[in-house]
Amino acid sequence: MADNLVLGRGELYFDPFLSGTTTKTGERYIGNTTEINLNIESDKLGHFSSDRGIREKDRTVILEVRRQGSFTTDNMATENLAMFLLGDTSTVTQTSGSVTAEGIADVIKGRYYQIGVSAGNPQGVRTVSAVTLKKGATVLVLDTDYSLDATLGRIKILDGSVTISNGDDLTVDYTRAANSRTRVTTGASAEIKGALRYISYNPEGEQRDVYIPYALIAPNGDLAMKGEEWQQAAFSIEVQKLDANTAAIYVDGRPV
């Protein structure tokens with residue numbers, strides 16, 4: 001038989017279970033994966049004959065098998081980031097409107113202050129206009145007393161301001177634009193469970209597709225927020241048994 005050399009390439013799909021169930025919700029393409037690995041470990045118990053002379057092993061049984069794996073993706077989609085943070089995705093909808101005399105207390109020169117912060121929106125507002133910063137009744141001067149990032153809704157108190165002193169209480173008037181943005185928040189759940197499907201597209205070697213009916217996915221490693229390489233997220237895979245009648249891992253060849 002000729003050697004079946006394989007150069008592995010393929011796509012990974014994840015089918016998350018509904019919370020608290022093993023009900024599948026549809027497979028999501030993870031995106032480009034730079035590596036995917038499976039790891040099988042086992043614990044064995046040996047038996048030794050000890051009646052005469054040197055003890056000799058005459059039997060070995062496997063006590064336990066652990067099927068694990070890992071994958072790394074550089075597709076930093078919102079859903080993948082949420083998986084890495086063990087969190088949830090949502091859409092933040094900002095309505096248009098005007099705000100008057102929002103307080104900024106105890107300012108310090110050289111510091112930045114976010115506009116529109118609330119308990120429900122700790123990141124504040126985005127895209128503001130008609131911004132007026134005041135100290136009491138005195139209207140402060142843009143680029144003399146403060147600078148403004150209108151897109152992010154951030155104000156910096158300038159060191160060179162002669163009107164503002166450390167510890168002053170200021171107010172800001174502004175108009176916010178209607179917009180929306182995606183948000184990922186860490187959640188209470190620390191488990192990501194579902195089915196994994198790997199579809200091979202090997203440039204060399206036999207095509208074999210892998211299906212794992214029940215896998216626990218967990219983040220594994222660093223998320224480089226800044227660097228000289230493509231950002232990527234790594235995950236561990238713990239293969240579990242779905243039920244007594246279902247195999248832990250299926251590996252299928254292609255039809256002939």
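Residue count for region 107-160 satisfying the condition of being assigned to a strand (DSSP E or B) and closer than 30 Å to residue 186 by Cβ: 8. Just so you know, in region 94-106 the residues that are small (Gly, Ala, Ser) and not in a strand (DSSP E or B) include one that is nearest to residue 35 (Cα to Cα), and it is 96. Does region 195-206 contain at least one residue that is on the phi < 0 side of the Ramachandran plot, among the acidic types (Asp, Glu), in a strand (DSSP E or B) and more than 20 Å from the chain's Cα centre (by Cα)? Scanning region 195-206, I find at least one residue that is on the phi < 0 side of the Ramachandran plot, among the acidic types (Asp, Glu), in a strand (DSSP E or B) and more than 20 Å from the chain's Cα centre (by Cα), so the answer is yes.
Outside any strand (DSSP E or B), over 24 Å from residue 96 (Cα atoms) and in contact (Cβ under 8 Å) with a residue 24 or more places away in the chain, is that true of residue 167? For residue 167, the condition - outside any strand (DSSP E or B), over 24 Å from residue 96 (Cα atoms) and in contact (Cβ under 8 Å) with a residue 24 or more places away in the chain - is met.
Which residues, taken from region 199-256, are over 22 Å from residue 79 (Cβ atoms), of a type in the set (A, V, I, L, M) and without any contact (Cβ under 8 Å) to a residue 24 or more places away in the chain? Hits for region 199-256 are 244, 256.
So that you can scan it fast, the table gives a plain yes or no per residue for (1) assigned to a loop (DSSP other than H, G, I, E, B); (2) more than 24 Å from the chain's Cα centre (by Cα):
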site	(1), (2)
174	no, yes
182	no, no
218	no, no
225	yes, no
236	no, no
245	yes, yes
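Only the coordinates and a few stated rules stand behind these numbers; no lab work does. Note that this is a predicted model, so its numbers are computed, not measured. Neighbour counts are summed over all protein chains in view; Cβ atoms, including those assigned to glycine, are modelled from backbone coordinates with ideal geometry.
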